[in-house]
Amino acid sequence: MMAQSNVAEIASIVSESSRAAILTVLMDGRFHTASELAFMAGIKPQTASFHLSKMQEAGVIAQEKQGRHRYYGIHNEEVAKVMESFLLIAPPVKIKSLKQSSQDKAMRFARTCYDHLAGSVGVQLTDALLDAGFLDEDEENFIVTEEGVHFYNGLGIDLETISKKRRSFSHRCLDWSERRHHLAGALGTALLEQLLERGWIERVPQHRAVKVTEEGKKGLKETFGMDILKEGK
């Protein structure tokens with residue numbers, strides 16, 4: 001009964017609408033202030049602060065202090081996995097405005113799923129790695145092939161170093177918008193970081209959608225053989 005009670009406690013934390021909105025915002029993998037989260041979640045700052053305190057007590061989110069400011073982010077990869085699974089089974093959000101429609105298209109096209117690339121572009125990238133023979137897969141994980149070792153090292157990704165991190169290395173993450181798997185784990189994070197560093201993708205302010213740059217379209221084509229279509233195509 002005690003175990004069931006603990007599960008119910010966490011479920012109640014995530015199920016409240018304002019807290020769910022905050023956690024969905026934090027799926028961009030970044031840390032935000034309470035006021036930023038209040039604005040993006042469409043709630044009052046006092047409400048955001050109250051819920052952030054509750055979630056921090058439950059171990060769902062983490063807090064970092066920089067001077068007088070406090071920043072909040074998702075506690076770890078496991079929390080992010082749970083949130084992504086909820087998004088997978090949740091009914092679609094009703095689109096009520098042109099702005100909402102544009103944001104929805106951008107999210108489905110390319111976004112961060114906590115710390116790796118998701119959406120159509122994320123799935124396309126994973127497919128490209130599989131087709132090229134740089135990844136293989138089983139029921140739960142993607143597996144780096146011998147050819148893949150040389151490829152990732154050539155991109156500047158140190159496989160030996162990231163394999164030692166205390167987290168999954170290359171698990172399959174079911175994409176809620178594409179309904180197919182994309183690459184997650186430490187390898188997925190390393191690839192996202194490479195794309196950001198090269199300027200091939202850019203984060204969208206106050207949103208977890210990401211934008212593929214013109215340079216990125218060229219780079220993804222030359223490196224991965226990907227033909228990136230426009231949003232919504």
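Within region 169-198, take every residue that is in contact with a strand residue (DSSP E or B) (Cβ under 6 Å, 6 or more places away or on another chain) and assigned to a loop (DSSP other than H, G, I, E, B) and give me the one that is surrounded by the most Cβ atoms within 10 Å (Cβ to Cβ). Across region 169-198, the extreme among qualifying residues is 184. Taking each residue of region 197-221 that is within 20 Å of residue 129 (Cα to Cα) and looking for partners that are among the aliphatic types (A, V, I, L, M) and exposed (fewer than 15 other Cβ atoms within 10 Å of the Cβ) with beta-carbon atoms closer than 8 Å, six or more apart or interchain, yields nothing. When region 39-74 is limited to residues that are over 23 Å from residue 12 (Cβ atoms) and part of a loop (DSSP other than H, G, I, E, B), the one that is most open to solvent (accessible area, probe 1.4 Å) turns out to be 68. The number of residues in region 140-168 that are open to solvent by 60 Å² or more (accessible area, probe 1.4 Å), in contact (Cβ under 8 Å) with a residue 24 or more places away in the chain and in contact with a helix residue (DSSP H, G or I) (Cβ under 6 Å, 6 or more places away or on another chain) comes to 1. Per the listing 118, 110, the residue uniquely under 16 Å from the mean Cα position of the chain (by Cα), crowded, with 23+ Cβ neighbours inside 10 Å and over 17 Å from residue 187 (Cβ atoms) is 110. For region 103-142, a residue qualifies if it is in contact with a Phe, Trp or Tyr (Cβ under 6 Å, 6 or more places away or on another chain) and over 22 Å from residue 76 (Cα atoms), and the qualifying residues are 120, 128, 134, 135. Taken over region 121-145, the criterion of being small (Gly, Ala, Ser) and more than 18 Å from the chain's Cα centre (by Cα) is satisfied by 128, 132, 133.
The values are calculated or read from the model by the stated rules, or taken from the named source; none is laboratory data. Because the structure is a prediction, the values reported are computed rather than measured. Heads up, the Cβs are rebuilt from the backbone with ideal geometry, glycines too, and the neighbour counts pull from every protein chain shown. Side chains are part of the model used for accessible areas, which takes the heavy atoms of the whole protein and leaves out ligands, DNA and RNA. Shrake-Rupley method; radii C 1.70, N 1.55, O 1.52, S 1.80 Å.
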